[in-house]
Amino acid sequence: MSAALTLDRISVALGGRDVVRDVTLALGAARFVALLGPNGAGKTTLLKAMAGLLPARGIVRIGNQPLAALSRKQRAQRMGYLPQGHQVHWPLSTCDVVALGRFPHGLADPAAMRGADATAVNTAMMRTDTTRFADQAVTTLSGGERARVMLARVLAGQPEILLVDEPTASLDPRYQITVMQDLRSEARRGALVVAVTHDIALASRLADEIMLMHEGLLVARGAPADVLTDEHLAKVYGITALRQTIDGEEIVTPWGLA
Amino acid sequence: MRNLPRSWLLPALALLAATLFTACLAVGPVRLTFTEVWSGLAGIGLDAHGIIVREIRLPRAVLALMIGAILGLSGAAMQGLLRNPLAAPSLFGAPQTAAFAAVSTIALGWNDTLSWGLPVASIGGAFLSVFLLIAVAGRSASLLLLILSGLAVSALAGAGTALAMNLAPNPFAALEIAFWLLGSLEDRSMRHVVMALPFIAVAAVLLFLQRGAFRALTLGEEAAQSLGVNVDLLRLVVILGVALGVGASVAVAGTISFIGLVAPHLVRPLVGHDPARLMIPAALTGACLLMAADIAVRLIPATSDIKVGVLTSLIGVPFFLYLIMHQRRSLAGGVA
C-alpha cells in the first residue's frame with residue numbers, strides 16, 4: 001500500500017540558507033500527525049513545501065503521483081492547506097468563506113450552490129459547529145470562531161491530505177482543544193492531517209504521530225511517547241518536561257529550562 | 001437574506017443605465033423628447049433629430065457607457081487583486097501615464113488624435129504604470145505603500161507630460177495636450193468608438209474571468225494558491241486588463257479619473273463585499289456615473305464647457321478623502 005504523502009529528500013533554501021534540509025518521509029492515510037519544533041526550525045517551510053507552495057529540491061508525492069505532475073486544480077482538490085493567521089480581507093459571510101473550499105471543484109458562485117458542493121459545505125460547517133454563523137460576516141466573529149470557520153473552509157474541499165499551520169495559535173484553551181479534536185476526527189475519517197503546532201501537551205495526547213524538527217532537520221518521528229523524550233526536548237527546545245499518567249494517557253507538560 | 005439585494009440590484013442598475021443612456025441622447029443644446037430620441041435613432045422623423053442623435057450624441061453616449069463600465073470593472077479588479085478598497089487605476093497613475101504616453105506621441109508628431117497608434121501608446125503607458133506600481137509596492141502591499149507609490153508614479157507621469165508640453169513644437173500642440181488632459185467626450189465620432197471598443201472588450205473579458213480568483217484571494221495569497229489560483233499569472237492578467245481598458249479609454253477621452261475608485265465602493269455593501277459578485281454591478285455603476293457626469297456637464301450653466309474629466313475629479317477627490325478618513329486606522333497602522 002502506498003503512503004498518502006511521500007517526501008523524497010526535500011530541501012528548501014530561503015534567502016540563501018537551507019531552511020529545510022534533506023527531509024525524507026512517508027505518511028499514511030488516516031493519521032493525525034503533529035509537526036513540532038522550536039521557532040525557526042523550518043516547520044512552516046516544510047509544510048509549504050508539502051503543499052507545493054514553495055520551490056523545493058526533492059520530490060513530493062501524493063499517493064504515487066509526484067506533485068509536479070498534477071495540475072494546480074488537481075493538487076488543490078486532493079490537498080487542503082490552512083495558513084497561519086486566518087486572514088480574511090473582505091467581510092464575506094461564513095457560508096461564502098466555507099464555500100471557497102469548493103473552488104478547486106469548480107464552484108463559481110456560492111449563492112448558486114447545490115448537489116455535492118452544498119453537501120460538502122454544510123457537512124463542514126456542521127462538523128466545526130459553525131452553521132449558526134452561516135450568514136454572519138467572518139470579520140465579526142471571535143478569533144476562536146473564525147479559526148473554526150477557516151477549518152471548515154479546508155474541510156469543505158474534502159481533501160485526502162490536510163496541511164494546517166498553527167491552527168491553535170492565539171486561541172483560548174477551549175478552542176485549542178476543539179480545533180485539535182476536529183483535526184483528529186478528520187484523520188479518523190480517513191484523511192492524513194499534518195498540523196504544525198507549539199502545543200506539546202495537546203499534541204502528545206491527540207496526535208497519532210509526532211515529527212520533531214530542529215534547524216531544518218527532521219530529528220525524530222514516531223509515537224508521541226517515543227519522540228517527546230527528555231533527551232529530545234532538552235536538545236531541541238532546551239526545556240524539561242513534567243510527565244504524568246492519567247487514565248493510562250501520558251501527559252507531557254513543558255516545565256522548566258534544561 | 002443574503003441574496004435579497006442581489007436579485008434586484010442588477011435589474012435596477014441596468015434600468016438606471018438604460019435611462020441615463022437615453023438621457024445622454026436627449027440632453028444638449030437641442031433638447032429632445034423620449035419619442036424624438038427613439039425616432040431619431042430609428043431614422044424616422046425629422047432628419048435634423050436623426051443627425052443629432054446618431055452622429056453627435058450616440059457616439060458620446062456609447063463612449064460614456066463603455067468607458068465608465070471598464071473603469072468601474074478595472075477598479076473592482078484592482079481592489080480584488082490587492083485586497084484593498086483604496087486601490088484604483090487613477091490613484092496609481094494609470095490614466096496619467098497613459099495620457100503622458102499618448103501626448104508624447106502627439107507632441108512628437110507620431111500620432112494624430114485619430115490614429116491607431118494612440119490607443120497603443122496609451123495602453124503601453126498604462127501597462128507600465130500599473131506594472132511599476134506593483135513592482136515597487138510588492139506583493140502584499142499595505143495601503144500606505146500603494147498610495148505613496150501611486151503618488152510617485154502620478155508625479156512622474158505629470159512631469160513627463162509637462163516636459164512634452166514644454167517641448168511641444170507649437171502652441172497649438174500644447175493647447176491640444178492641455179485639453180486632452182482634462183478628459184472629455186465631446187465631439188467624438190463612431191471612429192473613436194471603433195478605436196476603443198476592441199481593447200475595452202478584451203479588457204472586460206480578461207478581468208471578468210478572474211472573479212473567482214479574486215474571491216479566493218480574500219483568504220490571502222497562500223490560501224488562494226493552495227486553492228489552485230496561479231497568483232503570479234493572475235497579477236499579470238489584471239495588469240494587462242487594466243492597462244488595455246484604461247489605455248483605450250484615455251486614448252479616446254483623455255484622463256477620466258476616480259470612476260474606478262467610486263463605483264465599486266457604492267455597490268460593495270449591496271453585494272456583501274464579495275469581490276466576485278462586485279464585478280458586474282461595479283461596471284454598471286461606473287457606466288451610470290460617467291453617463292450622469294456627462295449629462296451634468298451639459299446641464300451646468302457655464303460660459304465655457306466644463307470637461308467631464310474635471311467633474312469626475314471634483315467629485316472623486318472629496319470621495320477619496322472621505323474614504324481615507326474611514327480607513328484612517330489601517331493607514332496609521334501601516335499595514336492593511
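The values are calculated or read from the model by the stated rules, or taken from the named source; none is laboratory data. Here the structure is a predicted model, which is why all the values come from computation and not from measurement. Neighbour counts run over all protein chains shown; Cβ positions are idealised from the backbone, glycine included.
Brief remarks follow.
- Among the residues of segment B:194-238, those that are within 7 Å of another protein chain (Cβ to nearest Cβ) and either among the aliphatic types (A, V, I, L, M) or surrounded by fewer than 18 Cβ atoms within 10 Å (Cβ to Cβ) (or both) comprise B:Ala216, B:Leu219, B:Ala223, B:Leu227, B:Asn230.
- The set of residues from segment A:27-49 being modelled with pLDDT under 95 and part of a strand (DSSP E or B) is empty.
- For segment A:70-79, filtering for residues that are assigned to a strand (DSSP E or B) and within 7 Å of another protein chain (Cβ to nearest Cβ) leaves 0.
- Those residues of segment B:100-143 which are surrounded by fewer than 21 Cβ atoms within 10 Å (Cβ to Cβ), closer than 16 Å to B:Gly254 by Cα and at pLDDT below 75, in sequence order: B:Asp112, B:Thr113, B:Leu114
- Residues of segment A:1-18 satisfying the condition of being out of contact with any Lys or Arg (no Cβ under 9 Å at 6 or more places or on another chain) and closer than 16 Å to A:Gly52 by Cβ: A:Leu14
- Evaluated against (1) away from chain B (no Cβ under 11 Å); (2) surrounded by fewer than 20 Cβ atoms within 10 Å (Cβ to Cβ), A:Ala41 falls short on exactly one condition, (2).
- Residues in segment B:268-298 that are under 15 Å from B:Arg57 (Cβ atoms) and of a type in the set (D, E, K, R) were compared, and the one that is nearest to the other protein chains (Cβ to nearest Cβ) is B:Asp294.
- Flag if B:Ala61 is in contact with a Phe, Trp or Tyr (Cβ under 6 Å, 6 or more places away or on another chain) and more than 30 Å from B:Asn166 (Cα to Cα): yes
- Of the candidates A:Ala156, A:Ala169, A:Ala134, A:Ala147, the single residue that is surrounded by fewer than 23 Cβ atoms within 10 Å (Cβ to Cβ), in contact with a helix residue (DSSP H, G or I) (Cβ under 7 Å, 6 or more places away or on another chain) and either at pLDDT 95 or above or of a type in the set (A, V, I, L, M) (or both) is A:Ala134.
- Verdict on A:Ala147 being within 14 Å of chain B (Cβ to nearest Cβ) and under 22 Å from A:Leu36 (Cβ atoms): yes
- Near pairs, Cβ below 7 angstrom, 6+ apart or cross-chain, from segment B:108-126 (in a loop (DSSP other than H, G, I, E, B)) to any residue that is of a type in the set (Lys, Arg) and at pLDDT 75 or above: B:Leu114/B:Arg191
- Scoring B:Arg298 on the criteria (1) surrounded by fewer than 21 Cβ atoms within 10 Å (Cβ to Cβ); (2) outside any helix (DSSP H, G or I); (3) of a type in the set (D, E, K, R) leaves a single failure, condition (2).
- Only a single criterion out of (1) crowded, with 17+ Cβ neighbours inside 10 Å; (2) at pLDDT below 95; (3) within 24 Å of B:Glu221 (Cβ to Cβ) is not satisfied by A:Met113, namely (3).
- Considering (1) buried (at least 22 other Cβ atoms within 10 Å of the Cβ); (2) within 14 Å of chain A (Cβ to nearest Cβ); (3) at pLDDT below 95, the lone condition that B:Ala76 does not fulfil carries the number (3).
- Any hit, segment B:211-226, residues being in contact (Cβ under 8 Å) with a residue 12 or more places away in the chain, in a helix (DSSP H, G or I) and among the β-branched types (Val, Ile, Thr): no
- Hey, B:Leu10 surrounded by 17 or more Cβ atoms within 10 Å (Cβ to Cβ), modelled with pLDDT of 85 or more and under 27 Å from the mean Cα position of the chain (by Cα) or not: no
- Output for segment B:13-56, where each listed residue is surrounded by fewer than 15 Cβ atoms within 10 Å (Cβ to Cβ) and not in a helix (DSSP H, G or I): B:Pro29, B:Val30, B:Arg31, B:Thr33, B:Gly43, B:Ile44, B:Leu46
- Each residue in segment A:99-136 was checked for being within 13 Å of another protein chain (Cβ to nearest Cβ) and either touching a Phe, Trp or Tyr at 6+ places or on another chain (Cβ under 9 Å) or among the charged types (D, E, K, R) (or both), and 3 pass.
- Subset tally (residues that are surrounded by 14 or more Cβ atoms within 10 Å (Cβ to Cβ) and free of Cβ contacts under 8 Å to residues at least 12 places away in the same chain) for segment A:197-242: 1
- Flag if B:Ser257 is under 30 Å from B:Asp187 (Cα atoms), surrounded by 19 or more Cβ atoms within 10 Å (Cβ to Cβ) and away from chain A (no Cβ under 14 Å): yes
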